[in-house]
1. Length gain on complete extension for the stretch residue 233 to residue 134, per 0.36 nm per residue less the alpha carbon to alpha carbon distance?
2. Tabulate in residue order the Karplus-calculated ³J(HN,Hα) for the stretch 148-155, using 6.51 cos²θ - 1.76 cosθ + 1.60 with θ = phi - 60°, rounded to whole Hz; enter x for Gly and Pro.
3. Give the residues of the stretch 116-142 whose amide nitrogen is closer than 18 Å to a point set 7 Å from the Cα of residue 153 in the direction of its Cβ.
4. Longer than 29 Å from Cα to Cα, which of 108/198; 78/121; 108/241; 75/121; 71/198; 104/154 are they? Say none if no pair is.
5. Nearest 0.05, what FRET efficiency do residue 107 and residue 196 give at R0 = 25 Å with Cβ-Cβ as r?
Amino acid sequence: MFKYKIAFFILSAALILNSCHPSLIKKSKEKDNIDSVLFYQKEDIPDPFLDGLLSPPDHEVVQLKKTITPKVKPKKFKEIDGFRVQVFASVDSFNALSLLNKLKPLVKDSVYLIHEKNLFKIQAGDLPYRQQADSLRELIKQKGYPGAWTVQRKILIPIKESTPIKTAASSPTVNMKRTADLSEFYQIQVFATTSKQKAQSIVDQLSLRYDFPCEYRLQNQLYKVLLGRFATRAEAESVLKEIKALGFKDAWIVHQP
């Protein structure tokens with residue numbers, strides 16, 4: 001009986017030693033998943049703040065710098081002086097929201113809810129010219145809002161429309177340098193008003209759209225807005241069509257001796 005116990009002990013010891021052989025350990029490791037935490041340790045991105053706290057005082061921490069340039073979206077709109085039609089102004093925000101929803105389907109332009117000086121205002125349009133705003137005002141009045149009125153304020157226009165536009169008069173057929181020194185030339189009288197501020201506003205708006213000289217003159221107590229210096233009447237007439245299409249129906253050509 002004692003012999004059997006000794007034999008069993010020797011056999012067990014041999015099995016244990018054989019299982020601990022380095023070659024067997026290597027084979028077992030090769031079968032393990034390479035992503036196992038026993039063989040692959042995931043490392044976080046260095047954190048200079050935490051590394052500085054956990055490291056000895058004499059340990060130098062190197063901060064990794066990586067600059068990422070953000071994508072800058074191009075601006076789609078530009079803010080200029082212009083006109084809008086104001087339909088509502090009150091401290092009542094609920095009525096303002098209700099009117100906003102009713103007005104949007106009626107106006108083929110932007111409609112805004114603006115909170116200024118403790119008032120909720122409903123304004124429509126982004127119109128660079130007073131005549132356009134007045135036309136929109138009359139349309140809104142016909143839709144059932146007789147109290148609408150025109151206001152002057154900053155408006156938003158697409159940037160592509162704020163750049164000078166190539167017109168028939170700005171084509172090579174019209175040499176502005178040649179006409180600048182003429183003793184006789186043609187101009188387009190765009191508008192006439194008793195308000196100097198209104199005349200200046202129209203001059204500023206036309207200067208954004210055209211490369212032609214634009215000015216106002218005081219004659220007979222009226223401020224007259226004049227555009228261009230054209231050598232021939234035909235050149236002035238080609239621009240006059242565009243001016244009338246912008247809403248200046250009473251614009252006409254004048255001859256400057």
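1. Going from the current span to full extension adds 32.6 nm.
2. Once θ is set to phi - 60°, the couplings for the stretch 148-155 become 5, 8, 8, 10, 9, 6, 5, 10 Hz.
3. Hits in the stretch 116-142 for residue 153 at 18 Å: 116-138, 140-141.
4. 71/198, as the Cα separations exceed 29 Å there.
5. Result of the calculation: an efficiency of 0.20.
Quick note: the coordinates plus some simple rules give every number you see, no bench work behind them. As the structure is a computational prediction, the values presented were derived from the model and not from experiment. Note that each Cβ is placed from the backbone with ideal geometry, even for glycine, and that neighbours are counted across all protein chains shown.
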